Number of protein chains: 2
Amino acid sequence: MNLKSLGEDRLIAALTRGLPSRSDVRVAAGDDCAVIGGPRDLRWRLLKTDAVAEGVHFLPTEDLRRVGWKALCRAISDIAAMGGVPEHALIALAAPPTMEVAQVQALYAGLRRAARKFGVAIVGGETTRSQGRLSVTVTLTGSVERAHCVLRSTGRAGDVLFVTGRLGGSIAGHHLDFKPRLTEARWLVEHYRPRAMMDLSDGLGADLPRLAKASGCGYLLDESAVPKNRNCTIAQALGDGEDYELLFAIAPREATRLESSWPKAFPKLPLTRIGTLTGKITALRRKSAGYDHFA
Amino acid sequence: MNLKSLGEDRLIAALTRGLPSRSDVRVAAGDDCAVIGGPRDLRWRLLKTDAVAEGVHFLPTEDLRRVGWKALCRAISDIAAMGGVPEHALIALAAPPTMEVAQVQALYAGLRRAARKFGVAIVGGETTRSQGRLSVTVTLTGSVERAHCVLRSTGRAGDVLFVTGRLGGSIAGHHLDFKPRLTEARWLVEHYRPRAMMDLSDGLGADLPRLAKASGCGYLLDESAVPKNRNCTIAQALGDGEDYELLFAIAPREATRLESSWPKAFPKLPLTRIGTLTGKITALRRKSAGYDHFA
């Protein structure tokens, strides 16, 4: 069987079973970031690695400043989804020997801009020769107060589901220019206790089932409530991916209070109640697979 | 100008100038690892990212168990070269959709074996589609007691230069099966005060000038003393690369004591005095460029 017929989720499940661990590993594969720290440490460390590749995540004709921005901001979005703050980045570049130096410098200009904006230090990297395609693998560290760390796997039946922003149509430009919801996620964990959270990278239609499954729950999704970007259908909002918005579950008693305080804190960014976690594993009524890297 | 004509060292120098930093960054790009921590912290954290790619670091026909071993052990070797211990690894895989699942599992078997052997937890990863070639990017964290952390840049004129093991001819198999000198490096920093250290990945002919330059020194290399692997010429010992042995500089008063205690601690692994750091920038008499990723 090859990777295409197995699919990304099953491949990852197969590879991550029984990996060597250590006593300081709180969460390994399966969440937005790995979480490291002792059970009594006041701060936990976060680790994330993420790649963007020409032809998969961006077009060969793309302005590489935007690609650099995207490459780092994707990882920042994952740190944000744990409730954390980003700290140190390493950049591994695979580039063809014929690539112009000015192009690599444009990529780094985008990386630097994102790093400055979100307080990240770029502390190292690596360059190797590729066969013609450019790819950028970013590793990002971060940290989070133990009390504020939010996993995917701790949602409970009855929790209310919210998403930030609007979904769908990211290919028009948002997938390169998005702003990771770092400020919003930090505000959320400092003022509320979201039970489970993740960032939407493969589309709500793929990512919501992952959050629910990780929490041992089903879910009810009110498709009519899903906030769509202009000119987007519900299928696009569920399936396009690369929204980099936050999806989280929160106790009902906190949900109402949050709905009134959010617009005061973030008047320009909608927050939308889209459903609930349920006790039983239930399927999304509308089939929408989201993005699979090997499909 | 393209990457090939600029060359790897000058590219890295251009990209790493003026990168965004933070107050807890002790060493960023330019050493075997990045070093993170406050000046008074008793332990510092180490970060390294490193990639191996099909057609560059291994042949398409290679047993992927050996490739997995190599991918993780290269990064472990970098942590060892700082005097540190490895802790947590993230694996980013770029693989063609047509690749057999069993092949990826073989790769992971090699990664797991290396992780278990050296006490590393594999805490996450990422898979993306590639255009036909396999590449594996490993990020490894580690830590080191502040007092034991050894940089490349702190050698002094008069220091004696040593290498472990024998050099050259790694392509015959050593480049896939090498054992990172973790035990040896830890013993060294716990019993001595090496002033500067690095691991030999691009060949002594390329790496010794880097260590000397980082320390603001020149060097004298006694080519007749360089320990060569069987059937290797001095050119191979200097230029083949992928030895993954330790190169270090140590004060003369410690050098003599070390030469008598090393064989008792490591009877099977030679340690060889190969030269000295000097006050002036001097060139290696025999020209040997070592490995440039874009040449």
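Summary table below
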quantity	calculated
Probe 1.4 Å, protein heavy atoms only - accessible area per residue of segment B:177-231 in square angstrom	41 Å²
On Cα atoms only, tilt of A:204-214 relative to the major axis of chain A in degrees	70 degrees
Portion, in percent, of the accessible area of the protein assembly as shown that falls on carbon or sulfur, probe 1.4 Å	51 percent
Simple spin-label estimate for B:Ser21 and A:Thr233 in nanometres, 7 Å along Cα-Cβ	5.4 nm
Beta bridges by DSSP in segment B:83-177, antiparallel share as percent, to the nearest 5	50 percent
Fluctuation leader among B:Gly142, B:Gly38, B:Gly110 - chain B, Gaussian network, Cα springs under 10 angstrom	B:Gly38
Segment A:51-108: GluC sites (Glu not before Pro) falling in loop per DSSP and having at most 14 other Cβ within 10 Å	A:Glu62
Values of log10 I(q)/I(0), in the order q = 0.28, 0.29 Å⁻¹, for segment A:110-170 under a Debye, Cα-only, solvent-free model	-1.20, -1.22
Helical contribution to [θ] at 222 nm, DSSP H n ≥ 4, -39,500 (n - 2.57), averaged over chain A, rounded to 500	-9500 deg cm²/dmol
Ascending list, in nanometres, of distances separating the B:Val56 label from those of the other copies (7 Å, Cα toward Cβ)	1.5
Solvent-accessible area per residue, Å², over segment B:1-134 with all protein chains present [probe radius 1.4 Å]	37 Å²
Helix axis angle, B:64-81 relative to chain B longest principal axis, alpha carbon, degrees	30 degrees
Antiparallel bridge percentage (DSSP; both residues within chain B; nearest 5)	80 percent
Shape call, segment B:1-88: gyration tensor on alpha carbons, a/c limit 1.5	oblate
For chain A, radius of gyration divided by Kirkwood radius, i.e. Rg to Rh on alpha-carbons	0.95
In Å, descending, principal axis extents of the Cα set of the protein assembly as shown	78, 45, 40
Selection from B:Ser143, A:Met99, A:Gly68 lying farthest towards where the dipole of the protein assembly as shown points positive, charges on Cβ	B:Ser143
Tensor-based shape of segment B:1-154 (alpha-carbon gyration tensor, a/c under 1.5 rounded, otherwise prolate or oblate)	oblate
Burial of 30 Å² or greater, segment B:17-60 residues [accessible area, probe 1.4 Å, versus chain by itself]	B:Leu19, B:Pro20, B:Arg22, B:Arg45, B:Leu47, B:Thr49, B:Ala51, B:Val56
Inter-label distance, nm, simple model (7 Å from Cα along the C-beta direction), A:Glu254/A:Ala109	4.2 nm
Ordering of A:171-178, B:212-219 by burial proxy (mean other Cβ atoms within 10 Å per residue, highest first)	B:212-219, A:171-178
Test item: Cα-centred dipole of the protein assembly as shown, Lys/Arg +1 and Asp/Glu -1 on Cβ, debye	980 debye
Pairs beyond 27 Å (Cα-Cα), from A:Lys70/B:Lys48; B:Lys4/B:Lys228; B:Lys48/B:Lys117	B:Lys4/B:Lys228
Buried area at the B-A interface (accessible, heavy atoms, 1.4 Å probe, summed, Å²)	5900 Å²
Cα centroid separation - segment B:150-175 against segment A:48-119, whole Å	33 Å
Volume of the Cα convex hull of segment B:60-127, divided per residue and given in Å³	84 Å³
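The values are calculated or read from the model by the stated rules, or taken from the named source; none is laboratory data. Since the model is a prediction, treat every value here as computed from it, not as a measurement. Here Cβ is always computed from backbone atoms with ideal geometry, including for glycine, and neighbour counts include all displayed protein chains. Heads up: the accessible areas ignore ligands, DNA and RNA and are worked out on the full protein's heavy atoms, side chains in. Shrake-Rupley method; radii C 1.70, N 1.55, O 1.52, S 1.80 Å.
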